[in-house]
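Remarks on the structure that follows.
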Amino acid sequence: MAHTALTLVVGDHTSEVRATTRDQGTVSVPADDLERATGWGLRAEGLCRGDVCVPVRDRASLVIGDEINLDGFATALHRPLAAEPAAALAVIGESAATVSESSETLVAPEFTLPDVDGRPVSLSDYAGRKRLLMFWSSW
């Protein structure tokens with residue numbers, strides 16, 4: 001078991017949190033750090049953010065001592081998790097339902113990426129012009 005600082009990325013927000021990595025690669029974060037980073041806190045009724053609560057049926061898969069298992073957290077919220085303990089990095093993605101809803105509108109979210117010369121280019125730089133977006137995923 002190793003204690004370390006972990007960079008947690010959720011959407012556009014990046015936070016440094018305390019983390020514990022166990023032998024089997026399980027990463028857990030203190031409940032207060034996770035709530036500060038994500039807005040989701042563990043309550044009697046489940047994982048809650050404001051007035052919205054998601055019931056947690058298997059608390060044992062979510063809670064390890066006074067910490068929250070990141071895999072159990074992501075599973076409870078139906079979000080993908082990519083964690084690399086050796087790099088002290090974890091990313092929690094948007095739920096498939098949210099991504100599916102936004103792709104059905106055919107409106108791409110604003111983003112900025114570097115071009116081949118390293119200069120930042122934003123989607124909005126081409127407002128009013130026809131654009132073709134191609135993307136893929138390895139999974």
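What chymotrypsin sites (Phe, Trp or Tyr not before Pro) in the range 31-121 are in a loop by DSSP, with at most 15 other Cβ atoms within 10 Å of the Cβ? Don't skip to the end; give the middle numbers.
On the way: sites: W40, F73, F111; in loops: W40, F111.
When the chymotrypsin sites (Phe, Trp or Tyr not before Pro) of the range 31-121 are filtered for loop state and at most 15 Cβ neighbours within 10 Å, F111 remain.
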Scan the chain and report its longest stretch carrying no GluC sites (Glu not before Pro) that are both in a DSSP loop and have at most 13 other Cβ atoms within 10 Å. 46-109
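What FRET efficiency do you get for D58 and D12 if R0 is 30 Å and r is their Cβ-Cβ distance, rounded to the nearest 0.05? Can you show the working numbers first?
Values: r = 30 Å, r/R0 = 1.00.
FRET efficiency, D58 to D12: 0.50.
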Write out the trypsin sites (Lys or Arg not before Pro) in the range 1-44 meeting two conditions: DSSP loop, and at most 16 other Cβ atoms within 10 Å of their Cβ. R22
Per the charge dipole of the range 2-96 (beta-carbon charges, Lys/Arg positive, Asp/Glu negative, Cα centre), the residue among T4, A37, C48 reaching farthest to the positive end is C48
Sequence order, the range 37-42: Karplus ³J(HN,Hα) from phi using 6.51 cos²θ - 1.76 cosθ + 1.60, θ = phi - 60°, Hz rounded, Gly and Pro as x, gives 7, 10, x, 9, x, 8
Identify which of S124, S61, S15 has the largest mean-square fluctuation in a Gaussian network model of the chain, with springs joining Cα atoms closer than 10 Å. S124
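As a check on your grasp of the helix formula, calculate [θ] at 222 nm for the chain: sum -39500 (n - 2.57) over DSSP H runs of n ≥ 4, divide by the residue count, round to the nearest 500.
Numbers: 4 runs with 28 residues, N = 139.
Only helices count here, giving -5000 deg cm²/dmol.
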For percent of Cα pairs over 24 Å apart, pick the label among (1) 26; (2) 42; (3) 22 that corresponds to the value derived from the coordinates. (2)
Table column - 3J(HN,Hα) (Hz), the range 113-125, Karplus curve with 6.51, -1.76, 1.60, x for Gly and Pro: 9, x, 7, 5, 9, x, 7, x, 10, 10, 4, 5, 4
Which peptide among 51-57, 74-80 comes first, and what is the full order, when sorted by highest mean count of other Cβ atoms within 10 Å? 74-80, 51-57
Given the options T14, T26, T105, which has the most mean-square fluctuation in a GNM of the chain, springs set between C-alpha atoms less than 10 angstrom apart? T105
Would you mind checking which residues have amide H under 5 Å from V63's amide H? H placed 1.01 Å from N; only 5 or more apart, or other chain. N69
Among L89, L81, L123, determine the one that fluctuates most according to a GNM of the chain built with springs between C-alpha atoms less than 10 Å apart. L123
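A short reminder: the numbers here are calculations on the coordinates, not readings from a lab. Bear in mind that the values here come from a model prediction, so they are computed numbers and not experimental data. Here the Cβ is made from the backbone with ideal geometry for all residues, glycine too, and neighbour counts use every protein chain on show.
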